[in-house]
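Undergrad: What follows is a structure written as structure tokens; I'll ask about it next.
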Amino acid sequence: MSGAALFSGSEGRADVEVLNRSELTARLVAQLDDEAVIGGIGNTHFDLWASGQRPENFYMLGSMGLAVPLGLGVALAQPQRAVFVLEGDGSLLMQLGSLGTVAASGVCNLAVFVWDNGSYQITGGQPAHTARGLDLVAMARGAGLADSTWVRDAEHFDELVERARQRRGPMFACARVDDRPPAGVTERDPARIRNRFVDALRPPARGTPARRRIGP
Amino acid sequence: MSWEDACIGALRAAEVDLVTYVPDRVLGPLIARLEGDDAFTVLSAAREEEALGIVAGAYLGGRRGIVLMQTSGFATLANVLASLAVPFRIPIPMLVSERGTLGEFQLGQAMVCRTMRPILDAIGIEHHTIERLDDVGFVIGRMLDQAYSTQESAAMILSPLLTAAERAGPR
């Protein structure tokens, strides 16, 4: 281990424990109150669905790569609410520029958690560039998200979730996960997903000062 | 009054205060005005899909936004419109500066421009092309009202007939 690895957050992809997406999703949800969660396309939102279908969850039934922008929009609309984005490594690779947009936006209430299984699991497990060592944490740091880290283990994950709930700045965390199948399958009913989410997040009546207040 | 003034007036009237965009020369003066106005949050995105995603998320959270782009940017949007905006009934207003016609110098831009209205029609998204300054406030205002009332997306296309007159030179 190099000297630099003594500092917090300096682990690389090869240094961290391989965890399980279903278990981490359940751990996340167990810590939440009224935070919004955007579940990215595929197995990511399947596991979010399997974790209990909170009304503050949104499930991306398509639009690969757009979980981060969608979460950024929610964060901009509701700065008093912490917003979690769950996204797969392959999906994030489709929209890397969005990390720069998050950094430029100045939001303090957005946390992006990426599941890196090194593959496009839902289409048959074809390798993603991450399998060759592409480091999404390094990319997030390079995009301007200083608080970017590899998830060392499950306890570290819990700490990161707790910190993200405090809305102290945009956070990016990447966990290596195994290739076990998701714990459930989302019911594909966009109208129901949307209405539950909007109702759960419904802000004060239109035109009140709270709606106009934006940014940190 | 300039077309930019009329746009800003219509956005304010509809309580749209979040603007996402990918840079464009024709829209440049409007974007500069919006960036200088504290009433608007203005974000530059790396891709038009991303810009739509942000406005979609904001709407789900109770805030109104609009996406600004050029014609060629619209051509990247069929997936997000068909898989997010339409099935989840999220109204996403789009203000598109039309390039690829009336003096275009690149065949590729002309070809891309020809795909725009067929794609909008195929997905069933309301669109109008604004050619006259007198129409800007009315068309944008009415289209925004309709988008939020019906929860459908809308494309407001700014024709060179409207925007070219004020430009000094070629793009």
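The values are calculated or read from the model by the stated rules, or taken from the named source; none is laboratory data. What you are looking at is a predicted structure, and each value in this text was computed from that prediction instead of being measured. Cβ sites come from the backbone with ideal geometry, for glycine too, and all protein chains shown count toward neighbours. For accessibility, only protein heavy atoms count, side chains too; no ligands or nucleic acids. Shrake-Rupley method; radii C 1.70, N 1.55, O 1.52, S 1.80 Å.
Undergrad: Of these, B:VAL67, B:VAL16, which one is open to solvent by less than 10 Å² (accessible area, probe 1.4 Å), under 12 Å from B:LEU95 (Cβ atoms), touching a strand residue (DSSP E or B) at 6+ places or on another chain (Cβ under 7 Å) and assigned to a loop (DSSP other than H, G, I, E, B)?
TA: The unique qualifying residue is B:VAL16.
Undergrad: Out of (1) open to solvent by less than 40 Å² (accessible area, probe 1.4 Å); (2) over 13 Å from the mean Cα position of the chain (by Cα); (3) more than 13 Å from chain A (Cβ to nearest Cβ), the odd one out for B:ASP24 is which?
TA: Against the list (1) open to solvent by less than 40 Å² (accessible area, probe 1.4 Å); (2) over 13 Å from the mean Cα position of the chain (by Cα); (3) more than 13 Å from chain A (Cβ to nearest Cβ), B:ASP24 comes up short only on (2).
Undergrad: Let me ask another. Tell me, which strands (runs of 3 or more DSSP E) wholly within the range B:84-159 include 2 or more residues that are free of Cβ contacts under 8 Å to residues at least 40 places away in the same chain and open to solvent by 40 Å² or more (accessible area, probe 1.4 Å)? Talk me through it step by step, then tell me what you get.
TA: On the way: elements: B:93-97, B:126-130, B:154-158.
Once the strands (runs of 3 or more DSSP E) in the range B:84-159 are filtered for at least 2 residues that are free of Cβ contacts under 8 Å to residues at least 40 places away in the same chain and open to solvent by 40 Å² or more (accessible area, probe 1.4 Å), what remains is B:126-130.
Undergrad: Next question. Pull out all pairs, ordered by first then second residue, where Cβ-Cβ is under 7 Å, the residues are six or more apart or on different chains, the first lies in the range A:156-183 and is on the phi > 0 side of the Ramachandran plot, and the second is of a type in the set (D, E, K, R).
TA: So the pair list comes out as A:GLY169/A:ASP147.
Undergrad: Continuing with the same structure: Please specify each residue of the range A:122-138 satisfying the condition of being open to solvent by 60 Å² or more (accessible area, probe 1.4 Å) and either in a strand (DSSP E or B) or charged (D, E, K, R) (or both).
TA: Selection gives A:GLN126, A:PRO127, A:ARG132.
Undergrad: Please determine, by comparing only the residues of the range B:19-31 that are in contact with a helix residue (DSSP H, G or I) (Cβ under 9 Å, 6 or more places away or on another chain) and of a type outside the set (Val, Ile, Thr), which one is farthest from B:GLY57 (Cα to Cα).
TA: Selected residue: B:PRO29.
Undergrad: If the Cβ limit is 6 Å and pairs must be 6+ apart or interchain, which residue in the range B:46-64 that is more than 7 Å from chain A (Cβ to nearest Cβ) pairs with which residue that is assigned to a loop (DSSP other than H, G, I, E, B) and not hydrophobic (A, V, I, L, M, F, W, C)?
TA: If the second residue must be assigned to a loop (DSSP other than H, G, I, E, B) and not hydrophobic (A, V, I, L, M, F, W, C), the pairs left are B:GLU48/B:THR76; B:ARG64/B:GLU15.
Undergrad: Just to be sure I understand, how many residues within the range A:170-216 are more than 14 Å from chain B (Cβ to nearest Cβ) and either farther than 17 Å from A:ILE38 by Cα or modelled with pLDDT under 95 (or both)?
TA: Going through the range A:170-216 one residue at a time, the tally reaches 7.
Undergrad: Restricting to the range B:27-44, count the residues that are closer than 20 Å to B:GLU98 by Cα, touching an Asp or Glu at 6+ places or on another chain (Cβ under 8 Å) and either within 14 Å of another protein chain (Cβ to nearest Cβ) or at pLDDT below 95 (or both).
TA: Residues meeting the conditions: 0.
Undergrad: Give the range B:85-116 a look and list any residue that's among the aromatic types (Phe, Trp, Tyr) and under 30 Å from A:ILE193 (Cα atoms), or say none.
TA: The first filter runs over the range B:85-116 and keeps only residues among the aromatic types (Phe, Trp, Tyr), leaving B:88, B:105.
Across the range B:85-116, the qualifying residue is only B:PHE88.
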